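The values are calculated or read from the model by the stated rules, or taken from the named source; none is laboratory data. Because the structure is a prediction, the values reported are computed rather than measured. Cβ: placed from backbone, ideal geometry, glycine included. Neighbour counts: every protein chain shown. Only protein heavy atoms, including side chains, enter the accessible area calculation; ligands, DNA and RNA are left aside. Shrake-Rupley method; radii C 1.70, N 1.55, O 1.52, S 1.80 Å.
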Amino acid sequence: MNLYFKSREIFPGGVSHNIRYFRPYPFFTRKARGKYLYDVDGNKYLDFWNGHWALILGHSPPRVTQKLVKQLKNGTLYGTVNKDSLKLGWEIKKAIPLAENIRFCSTGSEATMYATRLARSATGKRVIAKVEGGWHGFNTNLLQSVNYPYEVDEGLGLIEDEGHFVESLQFNDIERSLKVLESIKDDLAAIIVEPVLGGAGCILPKNGYLQGLQEFAKNNGSLFILDEIVTGFRFSYGAAMNNFNLEPDLFTLGKIIGGGLPIGAVCGKKEIMKLADATIEGDKSTYCSIGGGTFSANPMTMKAGFHTLRTLRNDRSIYDKINNLGEFTRIELSKLFDELKIRAEVTGIGSIFMIHFLNDNVKAINNALDAALSDKEMLNNYNLALMAYHGIFFLPGKMGAFSNAHEKKDSIKLLNATRDIFENSKYINFLEKNDKNLVF
């Protein structure tokens, strides 16, 4: 708590990412190894947050950190092209053939910003359609309809006119989405969507929804953009576009491809990406100005990303392991809540999962609005009880993920802790709304 008071003197709200704050004060980490976080007071926590779900091999995997120690001695930032960027780029291109061209940057927000700029350049149109609750980073273009209530601006400082060129769609409602798209088709540059809604609640698409959006974009001469920053290399060696039989014109990557270091990437068809080629003869009117930033393709990130992806490529059993852990956990948590007569739905796919506590207004989770109107206080209290009494860390209100460092006993620990929390009266202060979710 003392560190938090000091932190507030330096950082707005005491944090450098809004979601890292939760009441009564945020979690201060001292170190992380494997599947564990260690806080500044010396407590050890089983970690299901995994660095915003980026650490698919766990914290500081030796096969990656050993390469970073060696690179550290040879330089952290060259400010020039380097061979390691070629190695990571080719690794991605071989895994995802639609990555005909790639531009690295340092954050996912940059990647989605560049993707929308490329779409507007390629089509000569202005409007970007996104899904309510879809999270594409803090860039001004896409910081619309992220948090409930979706019709209200996300905060101060956003350009009013920009909002006129972003249109919101209801996830999993293809009829309603197509009506909106039809109304803006003449100026529709692109549709951007996550294959699985991550921050909005780990929600899967219904059969045909994503395909319907893609078909509309294709028939309309607009671009279809997949935001795979969370899903890329998370379920299999490649992108979720393969799981859902999609062929985006552009897509973004991040998180896992950086091996624990900062990264973003916009990828796609060469005919579109060539608009960013400033070496082609022409002027400002003939190319799309996207950068990358000072730290783009730095050798540390390129090295970490390459060795992470190479590990995943050479040992595909990692995916079998973590996806099976995710499936086991979703099934067993659902059984447990049914047994305890707690109204809850466990969403997710592969190695990611999330618990939603239902109420009289929300009886199933189909979209971000359902997730937003579910019992978020119950979820927050449950996450805090896991942390305070069982040494299990979820960032409160966010989905969990398994890494290769996890084992089945970790899932069982979560199940046992969940049972203990809901059966034991000592947690009443954390679960004060529990009576509204129990059916006796």
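Would it be correct to say that Asn2 is open to solvent by 100 Å² or more (accessible area, probe 1.4 Å), at pLDDT below 95 and under 24 Å from the mean Cα position of the chain (by Cα)?
no
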Would you pick out the residues in region 2-51 that are among the β-branched types (Val, Ile, Thr) and either over 22 Å from Tyr382 (Cβ atoms) or part of a loop (DSSP other than H, G, I, E, B) (or both)?
-> Ile10, Val15, Val40
Where Thr76 falls short, out of the listed (1) more than 30 Å from Leu178 (Cβ to Cβ); (2) of a type in the set (S, T, N, Q); (3) open to solvent by less than 20 Å² (accessible area, probe 1.4 Å) | (3)
Is one or more of the residues making up region 235-247 acidic (Asp, Glu), closer than 25 Å to Leu86 by Cα, touching a residue at least 40 places away in the same chain (Cβ under 8 Å) and in contact with a helix residue (DSSP H, G or I) (Cβ under 9 Å, 6 or more places away or on another chain)?
-> yes
Tell me, which helices (runs of 4 or more DSSP H) wholly within region 132-246 include 2 or more residues that are modelled with pLDDT of 85 or more and among the basic types (Lys, Arg)?
-> 174-184
Selection count, region 2-49, where residues are closer than 30 Å to Glu407 by Cα and of a type in the set (Gly, Ala, Ser) | 3
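Would you check if Trp90 is open to solvent by 40 Å² or more (accessible area, probe 1.4 Å) and among the hydrophobic types (A, V, I, L, M, F, W, C)?
Criteria met by Trp90.
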Whichever residue in region 33-56 is of a type in the set (A, V, I, L, M) and open to solvent by 20 Å² or more (accessible area, probe 1.4 Å) and, among such residues, is modelled with the highest pLDDT | Leu55
Look at region 312-347 and say how many of its residues are touching a strand residue (DSSP E or B) at 6+ places or on another chain (Cβ under 8 Å), within 30 Å of Ala95 (Cα to Cα) and among the acidic types (Asp, Glu).
-> 0
Of the residues in region 370-410, those that are touching a Phe, Trp or Tyr at 6+ places or on another chain (Cβ under 6 Å) and assigned to a strand (DSSP E or B) number 3
